[in-house]
1. Given (1) touching a Ser or Thr at 6+ places or on another chain (Cβ under 9 Å); (2) surrounded by fewer than 16 Cβ atoms within 10 Å (Cβ to Cβ), where does Y122 come up short, assuming only one miss?
2. Within the stretch 167-175, does at least one residue satisfy the condition of being surrounded by 16 or more Cβ atoms within 10 Å (Cβ to Cβ), in contact (Cβ under 8 Å) with a residue 60 or more places away in the chain and of a type in the set (F, W, Y)?
3. How do the pairs read when you match residues in the stretch 136-159 that are loosely packed, with under 15 Cβ neighbours inside 10 Å and at pLDDT 95 or above with residues anywhere that are aromatic (F, W, Y) and in a strand (DSSP E or B), using Cβ under 7 Å and keeping only pairs 6 or more apart or on different chains?
4. Step by step: first the residues of the stretch 3-26, then only those that are exposed (fewer than 10 other Cβ atoms within 10 Å of the Cβ) and over 22 Å from L96 (Cα atoms), then the one that is modelled with the lowest pLDDT. Which residue is that?
5. Could you check the stretch 81-93 and list, in sequence order, the residues that are over 17 Å from A174 (Cβ atoms), part of a strand (DSSP E or B) and either of a type in the set (V, I, T) or modelled with pLDDT of 95 or more (or both)?
6. Which condition number does G113 fail, the rest of (1) small (G, A, S); (2) over 18 Å from R175 (Cβ atoms); (3) at pLDDT below 95; (4) over 10 Å from the mean Cα position of the chain (by Cα) being met?
7. Any residue in the stretch 75-94 that's without any contact (Cβ under 8 Å) to a residue 60 or more places away in the chain and within 13 Å of F116 (Cβ to Cβ): show its pairings with residues that are outside any strand (DSSP E or B) and among the β-branched types (V, I, T) at Cβ separation under 9 Å, as long as the two are six or more apart or on different chains.
8. List the strands (runs of 3 or more DSSP E) that sit entirely inside the stretch 129-180 and contain at least 2 residues that are more than 29 Å from E22 (Cβ to Cβ).
Amino acid sequence: MKRLTLSVVVLLVASSIPAFAEWRADFGVDVPVNLGAAVTDLAGNTTTANVDVLSNFVFLVPEGSLLYQVPVGPANFGFGIRAFTLVLETLVFPNLLAELNVGPVALDLNLGGTTFLFFGVYNHLSVTSVFIPDLSAYFKLGKVFRLGLGGTLFYDAELYNTTKTIPWMIYLAARFSLKF
């Protein structure tokens, strides 16, 4: 009887999620501030190599995502797709989002990767083992515009197993976040 009751409760909760969920579209630009990699040698010592990008040049990386999210109090949980483009080539991948809203500040954790689609000049890249966690903090200006700072890791299992290297990026971001 307990299993039946638990099953009914789980079914009711799962079926009520679409009643509270909403679509969210984010689009904006990321400006890399620092690029680098953490490298571990055979003795287990970790060193970092980084490049101060803004002192050399500024480039914009257009970014967008389309998510189906469920608000739970001050938090939002969602899943969907995320894309980065360098105009000639666009990378699209599945993404999970957990967001915490504290007044005018939004803390976002995105987990994506593992399956990629490429659109553009060269569409035959076979990248499957890359996992992309991203943590960012935004200050909300109005209802839809955000300015923030974030950091992204690019964990590739093959690269890490052969060279013990994890590339990363720190970026500034400007983003529009629309809910419908």
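1. Here Y122 clears every test but (1).
2. Yes.
3. Partner pairs satisfying both residue conditions: V144/F176; F145/F176; L147/Y138; L147/F139.
4. So the residue we want is L12.
5. Of everything in the stretch 81-93, those that are over 17 Å from A174 (Cβ atoms), part of a strand (DSSP E or B) and either of a type in the set (V, I, T) or modelled with pLDDT of 95 or more (or both) turn out to be I81, T90, V92.
6. Condition not satisfied by G113: (4).
7. That search, which allows pairs on different chains as well, returns E89/V121; L91/V127; F93/T114; F93/T115; P94/T114; P94/T115.
8. 165-179
The values are calculated or read from the model by the stated rules, or taken from the named source; none is laboratory data. Note that the structure is a prediction, hence the values are computed from the model and not measured. Positions of Cβ are backbone-derived with ideal geometry, glycine not excepted, and every protein chain shown enters the neighbour counts.
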